[in-house]
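The values are calculated or read from the model by the stated rules, or taken from the named source; none is laboratory data. Bear in mind the structure is a predicted one, so any value in this text is a computation, not a measurement. Positions of Cβ are generated from backbone atoms using ideal geometry, with glycine treated the same way; all protein chains shown enter the neighbour counts. We work out accessible area using only protein heavy atoms, side chains counted, and drop any ligands, DNA or RNA first. Shrake-Rupley method; radii C 1.70, N 1.55, O 1.52, S 1.80 Å.
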Amino acid sequence: MACKISNSMFLCLGPSQRPIRSQTIAIHSSTASICHLKWDNLLVKGINHGKGIIPLRRNKVIQAVAVPVRPSSADSADSAEYRKQLAETYGFRQIGEPLPDNVTLKDVIDTLPRKVFEIDDVKAWTSVLISVTSYALGIFMISKAPWYLLPLAWAWTGTAITGFFVIGHDCAHKSFSKNKLLEDIVGTLAFLPLIYPYEPWRFKHDRHHAKTNMLSEDTAWHPVWEKEFETSPFLRKAIMFGYGPFRPWMSIAHWLIWHFDLNKFRPNEVKRVKISLACVFAFMAIGWPLIIYKTGIMGWIKFWLMPWLGYHFWMSTFTMVHHTAPHIPFKHSDEWNAAQAQLNGTVHCDYPRWIEVLCHDINVHIPHHVSSRIPSYNLRAAHKSIQENWGPYLNEATWNWRLMKTIMTVCHVYDKEQNYIGFDELAPNEASPITFLKRVMPDYA
């Protein structure tokens, strides 16, 4: 397919698309619906609902993802074909159909076999053994690897230490052990090498599950507010870099902002928060000097900082892939539906198997949001059951570059109609971090 519209014309849009400003649009479509567009302002994206006639203006060449036009017919076959095209465009394996409003979260939970909720001490401690062993192997690799193999050793070790987080994550959800005191001790210890305070994270994470994809209330990531984006040029540029090129490490900012400020917690939570903070600061005060004493500053960077950055890469990547896509809405509390948010608004994404093993299947995320009481070692059985009973409603993907490119270049500022507006649409002259990503990130799905 190819089309060209000159600057003497107006671009007329149908009822399913948002106005586009440009002087010239040249489209060369592939089977994957990846297009090269010439325009001056914005990426063709999202599920749009406006219509209009806009005068065309000057050129700028960028690379973008073109979205198929939503069928006007209510015919289910057309709708299925549209979702298939949208999935290919965004890098998904499947985009689920909307969950009916009358379905409740209890309806979904009731279809799960009871055995997926059972705690198995052998499996729980096996996951601890896997994480401790793989982390120890990573430290050994770092100590022996020549400089040119260190990135591989860091990648392994950062992935292995992410398993520590998942163990603490199970403890926080009371799905690790029947002994709740033991869970708190194991969770605190698992989080210490990550410098993550266990109780502050647990309190905030519980609210993420209770308010998943709810605007303002969700304590995980959510779209940027337009008024926040327009506060100042400096903040606007910082947000663009954070939600653009630095997004795979944005969990570092989340870690700092949400977990160390006592004012962010309820009075009845503060005592436990202080205990966790004391543990983290004690680990830093004792562990870091010991590492530096034995290996020097460069040893601290090699053995702790670089694996820690690897952990935050996975923390950020898992978080944004689980809940961020152009077709997944964040809603105000009066419009929010728990079943739709947890089943329809959570993404299952497959990764290379070694990553899934080291990270204890945290990527099998839909059943975890249906019920956080399911232990990590039962997530696959739970997901299989959900596929059998609710398969058409699921969002599923296998990790790929197109998926990441869509999230990092499209899913930015909240918009009620189309879910997200890209930074390059709101501030085209300042959006160099985003246009850079569009140029350099691969489109492979």
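What is the dipole size for the stretch 90-440, taken about its Cα centre, with +1 at each Lys and Arg Cβ and -1 at each Asp and Glu Cβ, in debye to the nearest 20?
Using only the charged Cβ atoms, the result is roughly 1060 debye.
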Whole number please: convex hull volume per residue of the Cα set in the stretch 90-440, in Å³? 151 Å³
Extended-chain gain in nm, criterion 0.36 nm per residue less alpha-carbon gap, residue 150 and residue 388: 81.4 nm
Regression test value, accessible area per residue of the stretch 276-386, probe 1.4 Å, units Å², expected 36 Å²
Counting C-alpha atoms alone, how compact is the stretch 78-140: give Rg to one decimal and Dmax as a whole number, in angstrom. 20.3, 55
Counting pairs of alpha carbon atoms under 8 Å apart in space and at least six apart in sequence, what relative contact order in percent does the stretch 90-440 give? 30 percent
Taking just the alpha carbons, could you work out the radius of gyration and Dmax for the stretch 130-177, both in angstroms? 13.0, 42
Rounded to two decimals, what is the ratio between the C-alpha radius of gyration of the stretch 223-357 and 2.2 N^0.38 Å? 1.34
Shape descriptors of the stretch 211-299 over alpha-carbon atoms, Rg and Dmax in angstrom, are 17.6, 49
Accessible area in square angstrom per residue, the stretch 157-237, 1.4 angstrom probe: 33 Å²
For the peptides 283-293, 136-146, what is the packing order when you average, over each peptide's residues, the other Cβ atoms within 10 Å and list the highest mean first? 136-146, 283-293
Output needed: percent of Cα pairs per 5 Å distance bin for the stretch 95-231, bins running from 0 to the one holding the longest distance. 2, 9, 12, 14, 15, 15, 13, 11, 7, 3, 1, 0
Rg to Rh quotient for the stretch 352-421, alpha carbon positions, Kirkwood Rh: 1.04
With every protein chain in place, the stretch 344-445: carbon and sulfur % of accessible area (1.4 Å): 54 percent
Rounded, prolate or oblate (a/c below 1.5 giving rounded, otherwise prolate when a/b exceeds b/c) for the stretch 167-260 by Cα gyration tensor: prolate
